[in-house]
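Student: For reference, the structure I am asking about is given below.
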């Protein structure tokens, strides 16, 4: 998890088969990528933009310490979702009241990574609006985009993807010489995969050259043609393809020639399919990635019996019209290339059966989502690992869910839309898509249509929960109260959840008596309705309220009661309860018990990759380890927690982690480092409108003033306040963070700052000037403004000063500068 949180590996998929040709193209693109910030591969559909971009990313990924990341946009029809797809791929979570583009830019600012945006043409404006600020604000980010048109952003280099290289003619060339040309080599490679033993020879080479030239060197068209060698000779394929192109020559003369060529190739390939294969291909156009079960239930009927779907699907895979797209939980998944999907969708529309297939698709997605919700939120079987598998399945169907929601809205099926929203609530929250969920709920709640009261009440309360997750507490309370005002009978659907949300809002506002009254009513309503899920969650909230009141023994009993209800059916609820137990144990000073509870919660959260909750658990483990004097465990846990909090944009959690890092620095014998962390935490708390933490941290600051002096402490605190979150995390997770050295001492203890005079040499005039500014308490940014230089240049000078003087803090530099002014050390 630590590697993932540091965003070091990337997510590039394995290449599905051999990459043929384009050696010169790849060499030129690699050179360009070293010089430019944004590289857009442009060309018509089927030219090979995506495959070339992925190959380039694989070849250059070692140059990007934070990985190469693919974001597929083909299924993103709503331009507003582009930043969210990028954030989801990178594991960066939205922040309340902050534009997601800003969160992304800040999160990526210290990273050196490659971002591949695939299939941008239908959302090109949204891609441009995202890429421009990323380029301006994140200097280590490089972007490769694939699109049928340029993004048209500053700094973009557009590279037109050419067709595969072709021989002028077959005459006079041997089969070996012909195989040196990219298009011929691609056909031969793919044909051999379909018909083992296929090879270019004197008998077929002329037909292969003619076929590839007719297809104008288009990779997708060549692959489609090669897929037919299992049933036809190369001469037959070339003849049929030639006839088809002649037939389409008088079609849309305004379309680019290569688009006509590709359309002709796909049309030809479609006509060679059997009737059932054509029918299945058309119907698959409504699916946005699928498994066999979805294909059988959506596409099968009297015309295509369900027991024939697998064979027909296999035939379409053999003919390169359907792509095998890996596995999920042991279940094979499939997809259509974008060009094939568009073609199949047009055929489906022309057939007149599009609305019926879309209705089946919407019904399947709704049954799937509600079925998973029903299984996940009932007591008893299946066990938690099975529930985790189901959860991952619904996440894999995000594109299908979005399509079903859009179809429900377009058809005016408000009830189906709200039911689907309710079923998707948990995935939206866990996956960081709260804003998207709020948008869909609001569309359907504001739409006309007859909706059963129970469905509307459920939708209102889940909309309240999303508002609470979004930290919009007033709106959360309004929606929860609307459920209670809607006439929903006490103990009926929605009542318990609405009261639980009101209790959470009261807890957040510090109205503990009101919160306790609401949660007690929530427990009663849940029990009256026989709802174990709601009862357990309400009991856990009740325990948190009681703990806030300082009644720890009673809170322990309440958490135990919640765990008894939740342990059989709700791993998420169990994890929350275990985290609550950990907090109580820590408050009592029972460090061993606290560590056990935090680790148990962490294991459950890791199973579903709930990153913010993982960060909370790690912070708890780090705090307990500090209390136990285990500086190595504290350092490693806090480092991962800080990195996760930074990656997901959780500023308040990050502030708390930096406060814990300050305590670690004190324990490691580095009070100056601790004060800088406190300054950074203060800045983050101020940014989110939270009061500074008191107690031990105030004592830490007072102790630092006594140890370092008031002036130096204030300077260090100001320096920390001026640091960015990335700088603070880098300082907290880098060398000297508090890990024990080989003899058991901390790094800070084992490697004390060198004494003055042990540095690398005298300061330059510029460095002396900057040392004086450090003594005045200026941050790197303020120094840059004072001297009209870049912050990076200022930081480099400061680092050189530290190295030459053998110092590790600005306070030491300030003291040295004061001594120098008073006639001391004259270096």
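Student: Among the residues in region 148-164, are any modelled with pLDDT of 85 or more and under 30 Å from residue 234 (Cα atoms)?
Tutor: Yes; the residues of region 148-164 include at least one that is modelled with pLDDT of 85 or more and under 30 Å from residue 234 (Cα atoms).
Student: Does any residue of region 537-546 turn out to be in the same structural domain as residue 484 (by TED's automatic domain parsing), at pLDDT below 90 and buried (at least 24 other Cβ atoms within 10 Å of the Cβ)?
Tutor: yes
Student: Something else: Considering each residue of region 136-159, count those that are more than 19 Å from the chain's Cα centre (by Cα) and surrounded by 17 or more Cβ atoms within 10 Å (Cβ to Cβ), and give that number.
Tutor: 8
Student: Is one or more of the residues making up region 68-75 surrounded by fewer than 21 Cβ atoms within 10 Å (Cβ to Cβ), touching a strand residue (DSSP E or B) at 6+ places or on another chain (Cβ under 9 Å) and part of a helix (DSSP H, G or I)?
Tutor: no
Student: Sticking with this structure for a sec: Kindly indicate whether any position in region 547-561 is at pLDDT 90 or above and within 23 Å of residue 470 (Cβ to Cβ).
Tutor: Taking every residue of region 547-561 in turn, none turns out to be at pLDDT 90 or above and within 23 Å of residue 470 (Cβ to Cβ).
Student: Please tell me if residue 56 is in a helix (DSSP H, G or I) and modelled with pLDDT under 90.
Tutor: Working: in a helix (DSSP H, G or I): yes; modelled with pLDDT under 90: no.
So residue 56 does not fit the description; no.
Student: Considering only region 56-70, I want to know if a residue exists there that is touching a residue at least 24 places away in the same chain (Cβ under 8 Å), over 15 Å from residue 142 (Cα atoms) and in the same structural domain as residue 131 (by TED's automatic domain parsing).
Tutor: No, the conditions are met nowhere in region 56-70.
Student: Look at residue 284 and say whether it is surrounded by 16 or more Cβ atoms within 10 Å (Cβ to Cβ) and in contact with a strand residue (DSSP E or B) (Cβ under 8 Å, 6 or more places away or on another chain).
Tutor: In short, yes.
Student: For region 708-750, name all the residues that are outside any loop (DSSP other than H, G, I, E, B), at pLDDT below 85 and more than 37 Å from the chain's Cα centre (by Cα).
Tutor: Correct list: 749, 750.
Student: From the list 202, 207, 225, which residue is crowded, with 19+ Cβ neighbours inside 10 Å and more than 30 Å from residue 35 (Cα to Cα)?
Tutor: Within the list 202, 207, 225, the selection yields 225.
Student: Separate question: Kindly provide the set of residues from region 290-332 that are under 24 Å from residue 12 (Cα atoms) and crowded, with 19+ Cβ neighbours inside 10 Å, ordered by number. Talk me through it step by step, then tell me what you get.
Tutor: Taking region 290-332 and keeping what is under 24 Å from residue 12 (Cα atoms), we get 290-291, 317, 320-332.
Those that are under 24 Å from residue 12 (Cα atoms) and crowded, with 19+ Cβ neighbours inside 10 Å: 290, 291, 320, 321, 322.
Student: In region 6-24, how many residues are in a loop (DSSP other than H, G, I, E, B), more than 16 Å from residue 49 (Cβ to Cβ) and modelled with pLDDT of 75 or more?
Tutor: Number of matching residues: 3.
Student: Right, another one. For region 471-488, state whether one or more residues are touching a residue at least 40 places away in the same chain (Cβ under 8 Å) and out of contact with any strand residue (DSSP E or B) (no Cβ under 7 Å at 6 or more places or on another chain).
Tutor: Yes, region 471-488 has at least one match.
Student: Next up: Mind checking whether some residue in region 25-42 is in a loop (DSSP other than H, G, I, E, B), out of contact with any helix residue (DSSP H, G or I) (no Cβ under 7 Å at 6 or more places or on another chain) and either at pLDDT 85 or above or buried (at least 16 other Cβ atoms within 10 Å of the Cβ) (or both)?
Tutor: Yes - at least one qualifying residue is present in region 25-42.
The values are calculated or read from the model by the stated rules, or taken from the named source; none is laboratory data. Remember, predicted model here, so these are calculated numbers, not experimental data. Neighbour counts run over all protein chains shown; Cβ positions are idealised from the backbone, glycine included.
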